Each structure stands twice: as C-alpha cells, then as structure tokens.
1. Out of (1) open to solvent by 60 Å² or more (accessible area, probe 1.4 Å); (2) modelled with pLDDT of 90 or more, the odd one out for V176 is which?
2. Please go through the stretch 35-81 and pick out each residue that is assigned to a strand (DSSP E or B), under 30 Å from L19 (Cα atoms) and not polar (S, T, N, Q).
3. Report yes if G88 is at pLDDT 90 or above and under 30 Å from Q139 (Cα atoms), otherwise no.
4. Determine which member of the set N236, N261 is part of a strand (DSSP E or B) and either farther than 29 Å from S173 by Cα or touching a Phe, Trp or Tyr at 6+ places or on another chain (Cβ under 6 Å) (or both).
5. Condition first: in a strand (DSSP E or B) and not aliphatic (A, V, I, L, M). Now tell me which residues in the stretch 207-222 satisfy that.
6. Within the stretch 140-171, count every residue that is at pLDDT below 85, part of a strand (DSSP E or B) and in contact with a Ser or Thr (Cβ under 7 Å, 6 or more places away or on another chain).
7. For the stretch 76-122, how many residues are touching a residue at least 12 places away in the same chain (Cβ under 8 Å), among the polar types (S, T, N, Q) and surrounded by fewer than 16 Cβ atoms within 10 Å (Cβ to Cβ)?
8. Just checking, does the stretch 202-213 include any residue being surrounded by 15 or more Cβ atoms within 10 Å (Cβ to Cβ), under 30 Å from G266 (Cα atoms) and in contact with a Gly (Cβ under 8 Å, 6 or more places away or on another chain)?
Amino acid sequence: KNFSTTLAYTEPIAKNQLLEFNYTYSYSDNTNGKSTYGYNKNTGNFDLVVPNLSNTFQNTYSSNRGTLSYRIQTQKLNLSVGSGVQFGDLKSNNLTKDSAINQHYLNMYPTANLRWEFTKTKNLRVNYSGRTAQPSATQLQPVADNSNPLNIQLGNPNLKQQFTHSVRMLYSSFDVFTQRSFFDTVNATTIANDIQNSVTILPGGAQISQPVNLSGTYSMSGYFNFGFPIKKPKSNMSFTGNISYNQSQGLINNVSNYTKNTLVGGTVKW
C-alpha cells in the first residue's frame, strides 16, 4: 500500500521572482512472509514449522518533506534553486518473533533547474535532483532462504536507505537559414549507500548472498546529433554518437568486486 500527497504555495517577491514552498507526505506499507515446514513423523506430513527459517515481516515507511525554492523567470532565463529537508521513519516489525527494527532518517533534498534561451533557436537546460530509496521488507528480513541450497539468500536488518544524485544537461540549436541542427545531452548519476550484494562462497561451492550498503556506484552517458542539408544531390546528412559508462560495487568474500561497462557507438545517415 502506497500513499503520497503534495501541497504547494508560491509567493511573488519581486518582478519576475517568486518563492515556492512544497510540503510532501508519503506512506508505504508492505508485508513479506516466509514459512518453512519440516516433516512430522506423527502425521506423515510437512506441518512442523522450522522457527529459524520462518518469518513474517511488515515494513512501513513514512516521510515528511518541506522544500523552499527561489525562482526567477525572464524572457530568456528560467532559474530555480532550492533545498528541502525530509524526516523519514522506517519500522520493520517481525510479526513471527515479536521484535521490531526502527530507523530514523534525516535527508537534505537539494534541487536546481536552469533553462537559458540564448536565442529563439538555441537553449540550454540543466537539472539536478536528489532522491532516496528505502530497503524492501525482503532485503531487511533476517531469515535465510535455503530453497536453493547452492544460493542461500539472507536479509540484513541493518540496511540504510540509499540516496541518488542526478544531473542532466541538454543543449539544442537549430539554424533556420542553413537548416543545421545540433542536439546534445549529458547525464550523470551517483548513489550513496547503494544496496548491493555481499557474496560469501562456502568451501563446498555453495554461496550465501546478503544485501549491504556500498559506495562507488555511478553512471555517465552522453549523446549528440548533428544534421545539415546537402544541395547536390538534395538530401540531409546526420551524425549521431553516444557514450556511456556504468560502475557498481559488490563484495565477494569481503573483497570489493567492481562491475564496469563502457559503450561507445555512432551512426551516419544520408
């Protein structure tokens, strides 16, 4: 179950300038249950609960966020800069063992948005935002899942929420007289306290996986398109290119293991 609502209020403070206040409340509730039964010789059925492999976990998260932003808007410039504070409460109740895990979070939510029109056909946009993501009930559940004995899954009740920083830049230009166009975009993301797996390989070849908080996860990508007309023969030529890089960190026997991917491509169309 998920619920969220936002209230916004703006107040002009000068010509082309205003303050904006936003308040957001959100709530989520999810339950994860796992029951493991052993063989009962008296009944001939699998109806004996295995306590250390059975658990019902309820995870609720509520947050209150207030954001104050300053905005200036002119014919060529639209700029908004602000920051918010969010108070979050995560409650993970073990309904089977009658225990609870409570975590309280305090996060800053900076935001920045820029749109600058150099001319009617040339403009630049830059956006920055930050957001959180909470661990799920399954990831928090401290009960071993041995349904696959070669890959045992174990939750981690000490997980922290992760925080994602995202930046995006877009530039576009179009010349009406020459019919030349250019478009470029750059994206970058980094995640603090990223939730990744820690894998322990046992002597017999089986492994135990458990989610943990790690740093070192980020991604970058860029794309451009340049097009122009050709008089003889009358046609259009376009060049496109893209590049991306992704990195994430995991643990294998408590040793950092980085996964890196690089992609470079381009096309020519006539």
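1. (2)
2. Let us first name the residues in the stretch 35-81 that are assigned to a strand (DSSP E or B), namely 37-40, 45-49, 55-73, 77-81.
Keeping just the survivors that are under 30 Å from L19 (Cα atoms) gives 61-73, 77-81.
Y61, R65, G66, L68, Y70, R71, I72, L77, L79, V81 - these are the residues of the stretch 35-81 that are assigned to a strand (DSSP E or B), under 30 Å from L19 (Cα atoms) and not polar (S, T, N, Q).
3. On the way: at pLDDT 90 or above: no; under 30 Å from Q139 (Cα atoms): yes.
Judged against the criteria, G88 is not a match.
4. N261
5. Matches in the stretch 207-222: Q207, S209, Q210, P211, N213, T217, Y218, S219, S221, G222.
6. Final tally of qualifying residues: 0.
7. 3
8. No, there is no match, as no residue in the stretch 202-213 is surrounded by 15 or more Cβ atoms within 10 Å (Cβ to Cβ), under 30 Å from G266 (Cα atoms) and in contact with a Gly (Cβ under 8 Å, 6 or more places away or on another chain).
The values are calculated or read from the model by the stated rules, or taken from the named source; none is laboratory data. The structure presented is a predicted model; accordingly, all values stated were derived computationally and were not measured. Every residue, glycine as well, gets a Cβ built from its backbone with ideal geometry; the counts of neighbours run over all protein chains shown. Ligands, DNA and RNA are excluded from the accessible area calculation, which covers all protein heavy atoms including side chains. Shrake-Rupley method; radii C 1.70, N 1.55, O 1.52, S 1.80 Å.
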